[in-house]
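Reading through the structure tokens given below for one structure.
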Amino acid sequence: MKQLFINIKELLQVRENKVDKLSGTEMKELPTIKNAWLLIEDDKIADYGEMDSLPEINADKTIDAEGKIILPSWCDSHTHIVYAGNRELEFADRINGLSYEEIANRGGGILNSAKTLQETSEEEVYQQSAKRLEEVMKLGTGAVEIKSGYGLTEEGELKMLRVIKKLQKNYELPIKATFLGAHAIPKEYKEKPDAYMDLVIEKILPKVAEENLAEYIDIFCEKGYFSVADTHKLLSAAKKFGLKPKIHVNQFNAIGGIQAGIEHDALSVDHLEVMRPEDIESLKGTSTMPVALPSCSLFLSIPYTPAREMLDSGLPLALATDFNPGSTPSGNMNLVVSLACIKMKMTPEEAINAATINGAYAMELSETHGSITKGKKANFILTKEIPSYTFLPYAFGTNSIESVFINGKMIE
Ligand SMILES: [Zn+2]
């Protein structure tokens, strides 16, 4: 099946030669073709070019994209889409003056979601999560990572990971699974947190590996959650099962999580709202992708990742949603791209690069996703008629997407 898009106002992120990620000043450049055509053959990008040089193509379907822009679909490398119930009551508590930490101390927060998850059947968790996944696909997400971490028991964690596995089976977009058993310390382990680490490492982790339920390992390395020593211990254990680290660090405090991640060749270090000069220094020259989650900063009213400082130091940066019931009940990558421009002073080019090719890198998908390149998967967004690509982050809150294609098929 050949689908030909013609008269495309601008085709974005066209990379003739494959790149795996972009860093520093490279991110300022977003290669495009104006007045372009794009040929999709089955599930892949077959060819593209300028309208002036459109060859004769026997297409099964021709789509006129006059006035519209095509860009690769968003690659959201950090989400917690699989969960049960919502926490809008805590949202009201926060408006009434309680802090994230105070809510956590009252048994709210992650532990609240864990309780609901444990009490909800696997089928029901699947149904709720599938609905959210379909919602973000319609918002232009064409590849996604999903974490466990609301189980916090052997049964709960495996339940979440099995739900992710079922989503992988039933949906065409790539879904990467991450085991986040070390997300919070359950109430019954409050006085003996080491015993919970032992449970995660000795009991749950081997089961996760045995059932092949995750590719990545994650931990919330933060004061009041898990220490740098815990992080080293978990990442070392996970390495034996072939799980690569993608970890939560530097959200509220800089305690050395970045350095621990780098030591274990982390694929990504995520959050990074609090960055010391030595944290930026440590990331230089490594293969670890820093990931910023600006909609979490918006929702919690905490600082934004200092993207400008990081990019100007030559680092790469990816953008993701952190979609979760507590700190980011939104999986809208369009909003993330807007916030990156508005709040983090990233240029539209940098933000689009961060949300496509660098997001793909943070899921080990650069080979197949994240750019318009011959042979890559046909996962892309067709916009409505808009004046320019800068309009996308500028018109924040406006849905500029007309349709989304995954593996060459339009999402209904
Ligand atoms: Zn997260």
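Couple of notes before you dig in:
- Filter pass, E172 being over 22 Å from T321 (Cβ atoms) and either without any contact (Cβ under 8 Å) to a residue 12 or more places away in the chain or more than 15 Å from the ligand (Cβ to nearest atom) (or both): no
- Of the helices (runs of 4 or more DSSP H) contained entirely in the range 278-383, those carrying at least 1 residues that are basic (K, R), closer than 26 Å to T25 by Cβ and outside the structural domain of D20 (by TED's automatic domain parsing) fall at 307-312.
- Matching residues in the range 84-93 - criterion: being crowded, with 19+ Cβ neighbours inside 10 Å and away from the ligand (no atom under 16 Å from the Cβ): A84, E90
Yes/no per residue for (1) of a type in the set (V, I, T); (2) surrounded by fewer than 22 Cβ atoms within 10 Å (Cβ to Cβ); (3) touching a Lys or Arg at 6+ places or on another chain (Cβ under 9 Å); (4) closer than 30 Å to I110 by Cα:
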site: V336; (1), (2), (3), (4): yes, no, no, yes
site: A360; (1), (2), (3), (4): no, no, yes, yes
site: T368; (1), (2), (3), (4): yes, yes, yes, no
site: E385; (1), (2), (3), (4): no, yes, yes, no
site: S388; (1), (2), (3), (4): no, yes, yes, no
site: F396; (1), (2), (3), (4): no, yes, no, yes
site: I411; (1), (2), (3), (4): yes, yes, yes, no
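- Looking across the range 28-83, the residues that are among the hydroxyl-bearing types (S, T, Y), in contact (Cβ under 8 Å) with a residue 24 or more places away in the chain and away from the ligand (no atom under 16 Å from the Cβ) come down to T32, Y48, T62, S73.
- Against the conditions (1) outside any loop (DSSP other than H, G, I, E, B); (2) assigned by TED's automatic domain parsing to the domain that holds I401; (3) open to solvent by 70 Å² or more (accessible area, probe 1.4 Å), G49 satisfies every one except (3).
- Residue check, V125 in the same structural domain as L293 (by TED's automatic domain parsing), at negative phi and in contact with a Leu (Cβ under 9 Å, 6 or more places away or on another chain): yes
The values are calculated or read from the model by the stated rules, or taken from the named source; none is laboratory data. Quantities reported herein were computed from a predicted structural model and do not represent experimental measurements. Positions of Cβ are backbone-derived with ideal geometry, glycine not excepted, and every protein chain shown enters the neighbour counts. The area values use the complete protein model at the heavy-atom level, side chains included, leaving out ligands, DNA and RNA. Shrake-Rupley method; radii C 1.70, N 1.55, O 1.52, S 1.80 Å.
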